[in-house]
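Visitor: My structure is below; once you've seen it, I'll send some questions.
No lab work stands behind these numbers, since they all come straight from the coordinates. Keep in mind that this is a model prediction, so the values were computed, not measured. No Cβ is skipped: glycine too gets one built from the backbone with ideal geometry, and neighbour counts run over all protein chains shown.
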Protein chains: 2
Amino acid sequence: MTLNEAIEKLNELEKASYALGHAQSILYTDGDTVAPKNSWKGRGKAMAYLSELTYKQLVKPETGETLETILQHKDETDEVTFRRAEILKESYDELHMLPMEEYVAYQELVNESMTVWKDAKDGSDWNLFAPYLEKLITARRRFASLKAPDKPAYDVLLDLHEKDATMAELDPFFRALREDLSPVIKEVAAREKPVPAFLKGPWPVEKQRIFSQKVMALEGIDPLCCTLGETEHPFTSGTNKWDVRITTHYHEDDVLSSLYSVIHEGGHALYEMDVRDDMQFTCLADGVTMGVHESQSRFYENLIGRSRAFCTPLLKVMKEVFPEQMKGVTEDELYSAINLSKPSLIRTEADELTYSLHVMIRYELEKAMIGGDLKVADIPGEWNRLYKEVLGVDVPDDKHGCLQDSHWSFGGMGYFPSYALGSAYGVQMLQEMEKDIDVWTTVAKGDLSPVTAWLTEKVHQYGHLKKPCDLLPAAMGGPLDATVYTGYLKKKFTELYKL
Amino acid sequence: MTLNEAIEKLNELEKASYALGHAQSILYTDGDTVAPKNSWKGRGKAMAYLSELTYKQLVKPETGETLETILQHKDETDEVTFRRAEILKESYDELHMLPMEEYVAYQELVNESMTVWKDAKDGSDWNLFAPYLEKLITARRRFASLKAPDKPAYDVLLDLHEKDATMAELDPFFRALREDLSPVIKEVAAREKPVPAFLKGPWPVEKQRIFSQKVMALEGIDPLCCTLGETEHPFTSGTNKWDVRITTHYHEDDVLSSLYSVIHEGGHALYEMDVRDDMQFTCLADGVTMGVHESQSRFYENLIGRSRAFCTPLLKVMKEVFPEQMKGVTEDELYSAINLSKPSLIRTEADELTYSLHVMIRYELEKAMIGGDLKVADIPGEWNRLYKEVLGVDVPDDKHGCLQDSHWSFGGMGYFPSYALGSAYGVQMLQEMEKDIDVWTTVAKGDLSPVTAWLTEKVHQYGHLKKPCDLLPAAMGGPLDATVYTGYLKKKFTELYKL
């Protein structure tokens, strides 16, 4: 096969892969937003067939040859094409090692598990979900053993979400978070502030929908390329830079929950929307790792969205949409209200200070679950024990405990650490950004475009082109350092709580 | 190939066809409801590839043999399987005669034309849409010439939407409608009633959304299997009986527009939701023709939804949702208000009496357009001339004229007559239904289930199983008779307007 033939075949592969991925992504988003509940059966059939096609399009003898041909001609191949071949080779190897029936059966298991998890969560019924989780764990272990038989299974799963992440690296990372943050969390809890009266709302859903649109505009999200849906568990799903979907969830008695979901998912969306045009419709048009993706979402959510400077434009918008609820509220009061810290039950609702310890608990549980040291039946008890030990809270039921997150239902073991890593990456990026631009003046003006331009230059534009080991140190000004992250949190909450 | 082998291959074909059709349907619905505007590019790529796959899955040498094998063993094959082979053979023949590139290019043309049509309609800019319509006409003519070179092209297109319909049958049908109805329309117009004050609203969109849900419940639509979206041009799209989508469009100053869109699309939805379980996920799980589909939608919309009896439950629901707007309004006032008749510009907003003449105008234009007697550039003039001649109204611009409907933009020439045929079928079905059940007592009680049960028994359950030539006379108590339809309209409007 000549190089030109191989490149042509690569383009054909990408065309099929884009189309099937596009369809699967839209079916998933539709299924979770506006589809009727009973649609799962037909969607399952369609998804299973599309998975089968995805497998068949990629796993055929000529694919290996095609990709090898390109990889052997690095000097004659442009950077984008070479990297596409590299990434597709990884996907090919991952699919290739599984028989198709097993691959399709796994997709069906995930589809079914997600539906069952929702019912289990609604009814706080661990026993309903447990047999599915059992199967998912078996499937993930089997995947890991095929992919890298010599590595611990959980390291293989971590690597899927955060390239090269290992327990050897994460153990000290999470230990540092816990050791550094626990004393502050305790001190803050001792000085608990009352929830200010204005936060109680009520916040009519219809007004919150209008508010969301204004928040997206403030964040700089182009509505021609990104729309907002409503789901139980907010997420972002993009097929290309001109078609990104984010979702949120409204509560009449809580405006902050949806506000920070919108900003968080909006951060993911901006990343996808800023990837270079020449990588669109290829496997590079995506975030490079989950950790880097979360670094962007949590950058906008916390470093910007919960900053003192952001309170200026935020209060203005809130007063426009909620004049009665926000009557008389000052920027300082808003800043304090959006940064109330208190150990709590739900990760996605957790404050910035306690958040990463929610992640740490999941990391410990996943290590044990995948490593074989924790039975599925024992997860609720262990979850509750860790929440008491680490955060000092009593878990009343599994809905507010080990059934709260969707991740395990889609086989996403190894995903959670990305949230904490991303938070840490983001703080290091902010330090670098502050050297280049006057972040807080522009944020206070309600103009986030210089912030997004900086992130686009350092991170977004590259999509999956640069490897994380090249991308991250350049954007962060050095290697990962947990103390930069904990230092930022300690400073912020020491000031906020006058410790 | 043995019969058993053929049946197995048929099942494989249906599996692929269902999955690809499911994906295309959801992508279309998503694209028209919640997708960001700029998503068209990626969707176009995905749709083109899925079309290519649809073609490739069906058009291969073994398909012909598979279907022929089954068709040659009628006695040994069950009714459902045999009919599936028959219907797939028609699709196979239609696809087979076109080279794949031409088929895919046509799908792309349709995708692009629909986007352009929307912009053209928004800007009332015929010249923007004209070159696309030109290409669509050429493509439809070419399709017709390949499918049945000896038949007039428009007859071939009519047959696609209403099996066996021909100009020879439709010319006298539409002539009868025009001759019978024109005098009544004139008399009614002479006794024009003022629009009652309460109709002016305003009708807040948020309240209308709640109203829609209640109307769907009144119509007997299971929300677990059917959800409502919002689009410029309302439509119904179903992939199986457990997953049907309908859409509507809200206007602050007009509550009836959305109300009757919801009831109309709800009628389509009920048809799809009542097809027998054993035909789901096969090519039989659909309405048998467009005309029969429209007979159901217009049955609920007009024969039920605009009946005197329906005003009892309808008024109740309206007073619940719109207590201020509906204060003091009586059932008789509501009945009069929902049946105001006046020649107007927009087909989808037309009253029951004048509606079919809107269709007749389109029928005449399409005959000339496809027959080669009307140039694309001359359509706006001819449209406006016919509206003046037939309905006596002046068309102010193409947005309210020849750009109002989406049908041509998706190549649906030959579709419009189905609306008038469906209306006529429905009235004949109602006559039969009245012999079996006490229609108006149950409708007045707000219980439409006996109506739907009757339609399910006679029409819905069969999906595409029975041929229209068998299904319709049984449900209608005889052949199509335009005078039954016009007789119904004349009686209703003579009473309403005390002619």
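Visitor: Which percent, to the nearest 5, of DSSP beta bridges fully inside the protein assembly as shown are antiparallel? All intermediate terms of the calculation are to be shown ahead of the outcome.
Guide: Numbers: 10 of 20 bridges.
Rounded to the nearest five, the antiparallel share is 50 percent.
Visitor: For B:Thr248, list long-range residues whose amide hydrogen, built 1.01 Å from N in the peptide plane, is under 5 Å from its own amide hydrogen.
Guide: Result for B:Thr248 returns B:Gly229, B:Glu230, B:Thr231.
Visitor: What do you get for the angle between helix A:167-190 and the principal long axis of chain A? Use alpha-carbon atoms, 0 to 90 degrees, nearest ten.
Guide: So the inclination is approximately 10 degrees.
Visitor: DSSP loop GluC sites (Glu not before Pro) in the range A:205-238 with at most 16 other Cβ atoms within 10 Å of their Cβ, which ones?
Guide: Filter output for the range A:205-238: A:Glu232.
Visitor: So for the pair B:Asp150, A:Ser336, with labels modelled 7 Å out along Cα→Cβ, what separation do we get in nm?
Guide: 9.0
Visitor: Hey, how many Å between the Cα centroid of the range B:415-456 and the Cα centroid of the range A:264-292?
Guide: 53
Visitor: Let me know the mean shielding of B:224-230 by other chains, meaning the per-residue number of their Cβ atoms within 10 Å of its Cβ. Intermediate results must be reported in sequence, preceding the final value.
Guide: Details: counts 4, 4, 3, 7, 2, 1, 0.
So the per-residue partner count for this stretch is 3.
Visitor: List, in order, the whole-Hz ³J(HN,Hα) value for each residue of the range A:323-333 obtained from phi through the Karplus relation with A = 6.51, B = -1.76, C = 1.60 and θ = phi - 60°; use x for Gly and Pro.
Guide: Calculated HN-Hα couplings, in order: x, 6, 4, 9, 4, x, 6, 9, 4, 5, 5 Hz.
Visitor: How big is the range B:3-152 along each principal axis, measuring the range of its Cα positions in Å and listing the largest first?
Guide: 58, 39, 24
Visitor: Another question, then. How far apart, in nm, are two points set 7 Å out from the Cα along the Cα-to-Cβ line at A:Asp436 and at B:Lys388?
Guide: 6.5
Visitor: Per residue, how big is the convex hull of the range A:153-302 when only Cα atoms are used? Give it in Å³. The partial results should precede the final answer.
Guide: Numbers: hull volume 21.4 nm³, N = 150.
Hull volume normalised by residue count: 143 Å³.
Visitor: If the reach is capped at under 20 angstrom between alpha carbons, list the lysines near A:Lys214, excluding any in the same chain fewer than eight residues apart.
Guide: Straight-distance partners of A:Lys214: A:Lys316, A:Lys319, A:Lys327, A:Lys445, B:Lys37.
Visitor: Let me ask something additional. Ignoring everything except DSSP H segments at least 4 long, calculate the 222 nm mean residue ellipticity for the protein assembly as shown; use -39,500 (n - 2.57) per segment, divide by total residues, nearest 500. Show your work: numbers first, answer last.
Guide: Values: 40 runs with 608 residues, N = 998.
Mean residue ellipticity at 222 nm (helix-derived): -20000 deg cm²/dmol.
Visitor: Between copies, how far does the label point of A:Arg142 sit from its twins, in nm, shortest first, when each point is 7 Å from Cα along Cα→Cβ?
Guide: For A:Arg142, the inter-copy label distances come out at 4.9 nm.
Visitor: Within 10 Å of each candidate Cβ there may be at most 15 other Cβ atoms; applying that plus a DSSP loop requirement, which GluC sites (Glu not before Pro) in the range A:125-196 survive? Could the numbers behind the result be given before it?
Guide: On the way: sites: A:Glu134, A:Glu162, A:Glu169, A:Glu179, A:Glu187, A:Glu192; in loops: A:Glu162, A:Glu192.
Qualifying residues, ordered by number: A:Glu192.
Visitor: Separate question: Please return the longest stretch of chain A lacking exposed loop sites, where trypsin sites (Lys or Arg not before Pro) count only if DSSP places them in a loop and at most 14 other Cβ atoms lie within 10 Å.
Guide: A:1-190
Visitor: Turning to a different aspect of this structure: Label-to-label distances across copies for A:Trp440, with labels 7 Å out along Cα→Cβ, in nm, shortest first?
Guide: Those label-point separations list as 7.7 nm.
Visitor: Here's something else I'd like to know. Rank the residues B:Asp274, A:Asp122 as a footprinting-exposure proxy: fewest other Cβ atoms within 10 Å of their Cβ go first.
Guide: Least crowded to most crowded, the residues run A:Asp122, B:Asp274.
Visitor: Once phi is turned into ³J(HN,Hα) by the Karplus curve 6.51 cos²θ - 1.76 cosθ + 1.60 with θ = phi - 60°, what whole-Hz value does each residue of the range A:22-34 show in order, with x for glycine and proline?
Guide: These are the phi-based 3J(HN,Hα) values: 4, 4, 5, 5, 5, 4, 5, 4, 4, x, 8, 10, 10 Hz.
Visitor: Just want the ordering: B:His233, B:His22, from fewest to most Cβ atoms lying within 10 Å of their own Cβ.
Guide: Details: B:His233 18, B:His22 24.
The order, fewest Cβ neighbours first, is B:His233, B:His22.
Visitor: Extending each Cα 7 Å along its Cβ direction at A:Asp122 and A:Glu230, get the distance between those two points in nm, one decimal.
Guide: Going by the 7 Å Cα→Cβ label model, 1.6 nm.
Visitor: In addition: So which of A:Lys193/A:Lys498; A:Lys435/A:Lys458; B:Lys367/B:Lys492; B:Lys342/B:Lys367; B:Lys186/B:Lys498 end up more than 22 Å apart by C-alpha? Each step should come with its number before you reach the end.
Guide: Working: A:Lys193/A:Lys498 12 Å; A:Lys435/A:Lys458 14 Å; B:Lys367/B:Lys492 31 Å; B:Lys342/B:Lys367 27 Å; B:Lys186/B:Lys498 14 Å.
With Cα atoms farther than 22 Å apart: B:Lys367/B:Lys492; B:Lys342/B:Lys367.
Visitor: Now for a different question. Quick one: work out the % antiparallel among DSSP beta bridges in the range A:167-496, nearest 5. Kindly include the intermediate steps, with their values, before the conclusion.
Guide: Values: 5 of 10 bridges.
About 50 percent, rounded to the nearest 5.
Visitor: Just which residue of chain A brings its Cβ nearest the axis of rotation onto chain B, and by how many angstrom, rounded whole?
Guide: A:Ala23, 2
Visitor: Give me the distance between the Cα centres of the range B:190-222 and the range B:66-140, rounded to whole Å.
Guide: Using only Cα atoms to place each centre, the spacing works out to 36 Å.
Visitor: May I ask for the percentage of alpha-carbon pairs in the range A:29-98 that lie more than 18 Å from each other? Don't skip to the end; give the middle numbers.
Guide: Working: 1304 of 2415 pairs.
Considering the range A:29-98, 54 percent of its Cα-Cα pairs are separated by more than 18 Å.
Visitor: Can you compute 3J(HN,Hα) from phi for each residue in the range B:375-392, using the Karplus curve 6.51 cos²θ - 1.76 cosθ + 1.60 with θ = phi - 60°, rounded to whole Hz and x for Gly and Pro?
Guide: Rounded to whole hertz, the list is 7, 4, 4, 8, 4, x, x, 5, 4, 5, 4, 5, 4, 5, 5, 7, 10, x.
Visitor: Taking each label point as 7 Å beyond Cα in the direction of the beta carbon, state the distances from B:Pro61 to the same residue in the other copies, shortest first, in nm.
Guide: 2.1
Visitor: Using the alpha-carbon atoms, what tilt in degrees (0 to 90, nearest 10) does helix A:100-122 show relative to the longest principal axis of chain A?
Guide: Tilt of helix A:100-122: around 20 degrees.
Visitor: So who's got an amide H within less than 5 Å of the one on B:Asp254, skipping anything under 5 residues away but keeping other chains? H placed 1.01 Å off N, in plane.
Guide: B:Trp203
Visitor: Something else: Can you pull the mean other chain C-beta count within 10 Å for peptide A:44-52? Before the final figure, lay out the partial values.
Guide: On the way: counts 0, 8, 14, 3, 2, 8, 6, 1, 3.
Per-residue shielding by partner chains comes out at 5.
Visitor: If you rank A:His251, B:His400, A:His358 by fewest surrounding Cβ atoms within 10 Å, what's the result?
Guide: On the way: A:His251 15, B:His400 18, A:His358 26.
Exposure proxy ranking, most exposed first: A:His251, B:His400, A:His358.
Visitor: So, with +1 on the Cβ of K and R and -1 on the Cβ of D and E, and no other charges, what is the size of the charge dipole of the range A:3-152 about its Cα centre, to the nearest 20 debye?
Guide: Details: 20 positive and 27 negative charges, 142 e Å.
Dipole size: approximately 680 debye.
Visitor: What's the magnitude of the charge dipole for the protein assembly as shown around its Cα centre, counting Lys and Arg as +1 and Asp and Glu as -1 at the beta-carbon? Answer in Debye, nearest 20. Can you show the working numbers first?
Guide: Values: 112 positive and 162 negative charges, 417 e Å.
Its charge dipole is roughly 2000 debye.
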